[in-house]
1. Using modelled backbone amide H atoms (1.01 Å from N, in-plane), which distant-in-sequence or interchain residues come within less than 5 Å of Ala228's amide H?
2. For the residues Phe259, Phe282, what sequence is obtained by ranking on other C-beta atoms within 10 Å, fewest first?
3. What is the Cα convex hull volume of segment 138-261 when expressed per residue in Å³?
4. Between Glu273 and Gln137, what is the FRET efficiency for a Förster distance of 30 Å, r being their Cβ-Cβ separation, to the nearest 0.05?
5. Please give the peptides 128-137, 180-189, 155-164 ranked by average Cβ packing (other Cβ atoms within 10 Å per residue), highest first, as a rough proxy for protection.
6. Hey, rough spin-label estimate for Asp72 and Ser192, points 7 angstrom out along Cα→Cβ, what's it come to in nanometres?
7. So if each residue of separation counts as 0.36 nm, and I subtract the Cα-Cα distance between Asp112 and Glu289, what length gain in nm does that give?
8. Under a point-charge model restricted to the Cβ atoms of Lys and Arg (+1) and Asp and Glu (-1), what is the dipole moment magnitude of the chain relative to its Cα centre, in debye to the nearest 20?
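Every read-out reported here was derived from the displayed coordinates using simple, explicitly stated rules and does not represent laboratory data. Just so we're clear, the structure is a prediction, and the values are computed from it rather than from any experiment. Neighbour counts run over all protein chains shown; Cβ positions are idealised from the backbone, glycine included.
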Amino acid sequence: MRAIRFDRTGGPDVLQLHDVPTPQPGPGQILIRHEAIGVNFIDTYHRSGLYPLPLPSGLGQEGAGVVAALGDGVTRFQVGDKAAYALAGADAYADYKAVAADRAVRLPEGIDVRTAAAVLLKGMTAEFLLRRAYPLQAGQAVLIHAAAGGVGQILTQWAKAIGAQVVATAGSVAKAEIARSLGADHVILYRSEDVAAEVRRVTGGAGVAVAYDSVGKDTFDGTLASLAPRGLFVSFGNASGSPPSIEAQRLSRSGSLFFTRPTLTDYIATTEELDASAAAVFERVLSGEIRVDIGQTFPLDQAAKAHEALEGRRTTGATLLIPE
C-alpha cells in the first residue's frame, strides 16, 4: 500500500510517499480501507517537531472508510461496515490502517465517509470544549478564534445552536463572511482590530464567559483581556506559535480568571466516552445544526501541498486527503 512517511522533522517537503506492506489486523483490531483522511493542524505540529514523534514515522490521526478485515475477538464491527477513527496513532496518511476496534466508531445512516473524516476529530474537539471543558449555556457570550477554520466552524455553529452570543475572529474579510454565514453575531478581524476592545464593545463592557483560542501566540493577550470576571481561557492550539507562559498572579489581577490547556485524548479516554462524543457530533450533523464544510481535498500523494495550504492560512473548513 501507499503511505506518507517522514524521517526528519521540518517543512512540508519532508513528507514522502512510500510503498509499504499493508498492515494486518491483530487481536481486537479492524483493518480500514481509507476512502478519506482528515488533515488537522496537529499533523503539522508532529511533522515540524513541535509535538515530537519517534522517527521515522507516519502521519495523520483521523480517517474513515470501509472495514476490510477483522482481527481475532472483534465483535464491535463486521467486514463491510463504514467506520471512522481519530487519535488512534499517527499513521493515517495511507491507503489502509489497522485500528483497535474499541477506538473506532461505526458510521450511522446518513453520515458518509468524507463527512466523517472531515468532522470526527474536529467535532469531538468542539463537543468536549462546549459541553465538558466548559458547559456553555444559552445567553452566555463566547469568543471563538479562527471561526472559519475546521474546528472554529463547528464551534461557531454548535455554540449558536446552544443559544450563546458568539463573538468570532477571523484573519481576513473573506473568512469573516464565512463566520457570519455560520451564525456568528459579531466578527473581529484579529490581525487589524483590537480584539479585547471589540469584545468589550459588543458585550457592553462585560466580556465573555469563555474564550476558545486555537491561534496561540498572536491572540493570547487579547483573549485574556476579553474575559469577564471568573471567565475561562481555553487554549487548544498553536496556529501562530506556542502561547506564552502565564503568571498565576496575572489571572488574579485580571478578574480571578481560569486557564486550561485541554486535549481531546483525555476526554475520549474510554470507549464509552468516545462513543458518546461521536454520537453527539453525528446527531448535530444529521439534525442540520452543524454543516460540514469540506473546503479542499488533495490526493494522498500531495500531502505536502495540503500542509502548505494549511500553514499558509489558505484553507477554510476541513481539509481531506483522498486515496486514489
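1. Hits under the 5 Å cutoff: Val208, Ala209.
2. Phe259, Phe282
3. 88 Å³
4. Plugging the Cβ-Cβ distance into 1/(1 + (r/R0)^6) gives 0.85.
5. Details: 128-137: 18.1, 180-189: 20.1, 155-164: 22.8.
In descending order of packing, they fall as 155-164, 180-189, 128-137.
6. It works out to 6.4 nm between the two label points.
7. 62.0 nm
8. Details: 30 positive and 34 negative charges, 138 e Å.
With Lys and Arg at +1 and Asp and Glu at -1, about 660 debye.
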